[in-house]
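The structure under discussion appears below in the form of structure tokens.
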Amino acid sequence: MNKQFWANFALCVALLLLVITGVTRIGSALTPKGLLVSEPEPSAEAAPFMDKVTLVDYNLGEQQSNIVSAEFVLGNASEHDVRNIEILCEFFDRSGRYLDREPFLLSGILPAGKTMGHVSMTSRYVNSRAEALSCRLVDFELVTEPVFSLHRHEGGHGEAASGAAGHGGEETGHETGGGH
């Protein structure tokens, strides 16, 4: 037994330990909801207001075979307008076993102190065995003042001040181009 044998043996032992570690960890990565699926957490911006912005009611209906459209009623008891509201709906079979989950993003603005309905125009395919569902608000963004805003010049593009060369103004008396 030479150095080459022991080097290969040590390499095999190291690889075996690496594989064993990976296999033991994959058990914790495989959840009842799938591989590496974790529960969503609200953003740091939304977390203090999660109790004030609520999913009041929801109605999911089947438009075509296994295609679901959703209507949500949301309440905002906070002092901030919110937008980009994320809702997560989970679907269960007749015996209550988890089947699937679908996220919905509502991009409209929900004003402070209001309760409004939002309709999700996106359709989702849902497992045909789904008999029950549960939806919950996951995250949202606070509406803030924009970092910058565009100021448009009166008259718009193409209507520059008279006398401006190259923009429909009067000639300036300078020749351009080749020799005369």
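The values are calculated or read from the model by the stated rules, or taken from the named source; none is laboratory data. Given the structure is predicted, the values throughout are model-derived calculations rather than measurements. For neighbour counting, all protein chains shown are included, and Cβ atoms are generated from backbone atoms with ideal geometry for every residue, glycine included. The area values use the complete protein model at the heavy-atom level, side chains included, leaving out ligands, DNA and RNA. Shrake-Rupley method; radii C 1.70, N 1.55, O 1.52, S 1.80 Å.
Using heavy-atom solvent-accessible surface (probe 1.4 Å) with all chains present, what is the largest-first order of 116, 1? Write out the running numbers ahead of the final one.
Numbers: 116 70, 1 175 Å².
Greatest to least solvent exposure: 1, 116.
Can you work out the FRET efficiency for the pair residue 144 and residue 67, with r the C-beta to C-beta distance and R0 = 45 Å, to the nearest 0.05? The value I calculate is 0.80.
For residue 80, the accessible surface of its heavy atoms amounts to roughly 60 Å² (probe 1.4 Å, protein chains only, rounded to the nearest 10). 3J(HN,Hα) couplings calculated from phi for the range 103-111 with the Karplus curve 6.51 cos²θ - 1.76 cosθ + 1.60 (θ = phi - 60°) are, in sequence order, x, 10, 10, 9, 8, x, 9, 9, x Hz; Gly and Pro show x. With the simple model of a label 7 Å out from the Cα in the direction of the Cβ, residue 20 to residue 38 spans 2.8 nm. The calculated FRET efficiency for residue 98 paired with residue 119, based on their beta-carbon distance and R0 = 25 Å, is about 0.45. Normalised radius of gyration (Cα atoms, divided by 2.2 N^0.38 Å) for the range 56-153: 1.31.
For 43, 120, the ranking by accessible surface with the largest value first comes to 43, 120, using a 1.4 Å probe. Coupling constants for the range 133-144 follow from the phi torsions by the Karplus curve (6.51 cos²θ - 1.76 cosθ + 1.60, θ = phi - 60°), and in residue order they are 8, 9, 10, 8, 6, 10, 6, 6, 10, 7, 7, 10 Hz; glycine and proline get x.
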